[in-house]
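Trainee: Let me give you the structure first, and then I'll get to my questions.
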Amino acid sequence: MNLLAINWNPSLGLDLGFFIIRYYSLMFVIAFVLGYQIMKHIFNHEKVALEKLDKLLMYVVFATILGARLGHVFFYDWAYFSQHPEEILLPFRFRPTFEFTGFAGLASHGAAIGIITSLWYFSKKIMEKPLLYILDRVGITVALAGLFIRLGNFINSEIVGKVVDKSFVFATRFVRNSDDLPAYQAMQITKAESVDKAYDMIVYKSQFLNVLEAIPYRHPSQLYEGLGYLGVFALLFYMYWKTDAAQKQGLLFGTFFALLWSVRFAVEFCKEAQVKERAEWALNTGQWLSIPLVLIGIYFIVKAKKKIV
């Protein structure tokens, strides 16, 4: 028996009665708050005016959300959104009935494009420094943010890993995972019937466990990816504060890009393909999108040797 195998079915937020604070949203808030504090120390260290940091936060938050949303729409789910364009930027579903959905669908590749685009404008108009100067420093915080975003995905039971045997050391049964939703819905019906029909608890538990067994165990790929991003953050943090990497324009950014997207590429091998119609490819969409970004990172690492500030 594997004592580490778990049934993962947490609540999705803190219910305050009149409002639910979703843990996924809370992870975003924590990521931005920690990122702000790290950048504050960097700005103080380099004697940069802190009022520019407030503007930087605004640019990054807006670019992250917009870029991640559009990335999901165009890279992963264009077939759906091409038929429902009104849902791209609105957190509602209008067909077949009106429903508040939130922004269920964000892509890290889109977020990367959005952040870089916004920082290009920020570096020219506000920072008045080369783009690579700000990318070198913001990359440190983005790597840490990746950890919290993947923790949010884990809590939501989304972007799950491939099916594994229960004996696998990290086997996790994502009860709410959309791929296994019929079984989860059956569990809810069983629970409701136990109340309506005053089922004996022994009968209810037996039915509940039978339905639960229909849900497979999977890799907790969100945690693999999150821990990988934590490692990238730790390395970048060390390079900035303990080496002269910050004086080599583009070195931190190149390291960030090469390692972060390498982590993403590797973890995709144990992750369910997010674009189902391409699942038969040797590489999935996330991996194809990561390859050029890894190469871009390597390019900047090599070129950084000749770009001393």
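The values are calculated or read from the model by the stated rules, or taken from the named source; none is laboratory data. Treat the numbers as computed from the prediction; the structure is a model and nothing was measured. Note: ideal-geometry Cβ built from the backbone for every residue, glycine included; neighbour counts use all protein chains shown.
Trainee: Taking only the stretch 12-71 into account, find how many residues are of a type in the set (Gly, Ala, Ser) and part of a loop (DSSP other than H, G, I, E, B).
Mentor: Counting residues in the stretch 12-71 that are of a type in the set (Gly, Ala, Ser) and part of a loop (DSSP other than H, G, I, E, B) gives 2.
Trainee: Can I ask one more? List pairs: first in the stretch 286-304 and under 15 Å from Leu135 (Cα atoms), second among the basic types (Lys, Arg) and at pLDDT below 95, Cβ under 6 Å, 6+ apart or cross-chain?
Mentor: Pairs that qualify, where the first residue is under 15 Å from Leu135 (Cα atoms) and the partner is among the basic types (Lys, Arg) and at pLDDT below 95, are Ala304/Lys248.
Trainee: I'd like to check something: does the stretch 291-303 contain any residue that is part of a helix (DSSP H, G or I), modelled with pLDDT of 95 or more, basic (Lys, Arg) and over 23 Å from the mean Cα position of the chain (by Cα)?
Mentor: No, the conditions are met nowhere in the stretch 291-303.
Trainee: Do the conditions hold for Trp281, that is, is it within 25 Å of Val73 (Cβ to Cβ), in a helix (DSSP H, G or I), at pLDDT below 95 and more than 17 Å from the chain's Cα centre (by Cα)?
Mentor: No: the conditions fail for Trp281.
Trainee: Which residue pairs have Cβ atoms under 7 Å apart, sit 6 or more places apart or on different chains, and have a first residue in the stretch 63-88 that is touching a residue at least 12 places away in the same chain (Cβ under 8 Å) and a second that is in a helix (DSSP H, G or I) and aromatic (Phe, Trp, Tyr)?
Mentor: From the stretch 63-88, the pairs are Val73/Phe81; Glu87/Phe81; Ile88/Phe81.
Trainee: Within the set of pairs 6+ apart or on separate chains, which have a first residue in the stretch 249-266 that is touching a residue at least 40 places away in the same chain (Cβ under 8 Å), a second that is acidic (Asp, Glu), and C-beta atoms under 6 Å apart?
Mentor: Short answer, once both residue conditions are applied: Leu252/Asp136; Phe253/Asp136.
Trainee: Can you find a residue in the stretch 193-204 that is at pLDDT below 90, touching a helix residue (DSSP H, G or I) at 6+ places or on another chain (Cβ under 7 Å) and in a helix (DSSP H, G or I)?
Mentor: Yes.
Trainee: For Lys271, state whether it is modelled with pLDDT under 95 and within 17 Å of Asn153 (Cα to Cα).
Mentor: yes
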